Amino acid sequence: MHFFYELKESSMEIEKKTSVHVPPHLHRSLECIFVTSGTLELGIGTELFHMNTGDFGIVFPEQIHHYQVFDSAFCQAVYLLAAPSLSGPFSDHLQNFVPEYPVLSAADVHPDITYALQSLLNLGTPAWTSVLCQSYTQIILSRTLSLFSLQPKKDLTGQDIVFDAVSYMAGHFTEELSLSRMAKDLGYSQFALSRVFSSVFHTNFNQYLNDLRLNCALGLLKNTSLPVTELAMNAGFTSLRTFNRAFKERFHMSPREYRKQQAAPGS
């Protein structure tokens, strides 16, 4: 799985999980978010949209987005990724438009939306069929798209450098990388790229790079049996010591403790 220009091979993924900070990324799938506990900040482009419990958010394909959690209480949400091929008659909307405001308040969320999400969660991956995935995706879209004010994607301005920055970092984060090298390779000034990281991503180059590597390592810890040293190197870290320190600062446990926790029954 490629982590930050995510090319989803499966047509659908759905998971109810604790909400955490996720750095800016993009993928070809439709993404839906339903907050079940606490709050969540959905960032799209330069905007940050607040979500409360019961709110529903949507991210169209190829939109750069991120998540932040400021709430000290327990925060959880259902995250759905659905390939555009599942959207049927709504495909044109997803490819050519984007919502001006991508969040529906709890009062506007139709019961069919929560029913569809819960039904997909109950199916479990082995039981998924293309017909059910397509049906539930289109139920969700039919109950939401008419409530959003859509604008043509082509009318958006200032997105090229942002798209280029995200795509470049996705392809090179495992390498020895610097802002100066990135600027040279992309043909932008370091100042212009620094402004993208600060004003759009709300971070700096080094922290963004570190987040990409940590999320890659997290996936390897969950889904492979690679030794910790090897997966740290595969994720772009130059030393095990640096990786352990960064991982513990973010997740408040060591990589080995995290893997052990994931392997425990019921985790």
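The values are calculated or read from the model by the stated rules, or taken from the named source; none is laboratory data. Note that the structure is predicted; figures quoted are calculated from it, not measured. Glycine also receives a Cβ, built like all others from the backbone with ideal geometry; neighbour counts cover every protein chain displayed. Note: areas computed on protein heavy atoms with side chains; ligands, DNA, RNA excluded. Shrake-Rupley method; radii C 1.70, N 1.55, O 1.52, S 1.80 Å.
Observations, loosely collected:
- Sole residue being under 23 Å from THR53 (Cβ atoms) and either surrounded by fewer than 16 Cβ atoms within 10 Å (Cβ to Cβ) or at pLDDT 95 or above (or both), chosen from LEU120, LEU147, LEU156: LEU147
- Selection within the range 211-237: residues that are more than 19 Å from HIS21 (Cα to Cα) and in contact (Cβ under 8 Å) with a residue 12 or more places away in the chain. The member of this set that is surrounded by the most Cβ atoms within 10 Å (Cβ to Cβ) is ALA232.
- Looking at PHE197, PHE205, just one residue is open to solvent by less than 40 Å² (accessible area, probe 1.4 Å), at pLDDT below 90 and touching a Phe, Trp or Tyr at 6+ places or on another chain (Cβ under 8 Å), and that residue is PHE197.
- Only residues that are over 17 Å from the mean Cα position of the chain (by Cα) and open to solvent by 30 Å² or more (accessible area, probe 1.4 Å) were counted across the range 71-103, and they come to 16.
- Helices (runs of 4 or more DSSP H) contained in the range 137-226 and holding at least 2 residues among the acidic types (Asp, Glu): 160-172
- Pairs with Cβ under 8 Å, 6+ apart, first in the range 168-196 and within 16 Å of GLN207 (Cβ to Cβ), second among the charged types (D, E, K, R) and open to solvent by 20 Å² or more (accessible area, probe 1.4 Å): PHE173/ARG213
- The residues in the range 172-188 that are among the small types (Gly, Ala, Ser) and surrounded by 12 or more Cβ atoms within 10 Å (Cβ to Cβ) can be counted, and the count is 2.
- Scan the range 201-218 for residues that are over 15 Å from ALA246 (Cα atoms) and touching a helix residue (DSSP H, G or I) at 6+ places or on another chain (Cβ under 9 Å) and the total you get is 4.
- Complete set of residues in the range 27-58 that are within 17 Å of LEU120 (Cβ to Cβ) and not polar (S, T, N, Q): LEU30, GLU31, CYS32, ILE33, PHE34, VAL35, PHE56, GLY57, ILE58
- When residues of the range 35-64 are limited to those that are in a strand (DSSP E or B) and over 22 Å from THR114 (Cβ atoms), the one modelled with the lowest pLDDT: GLU47
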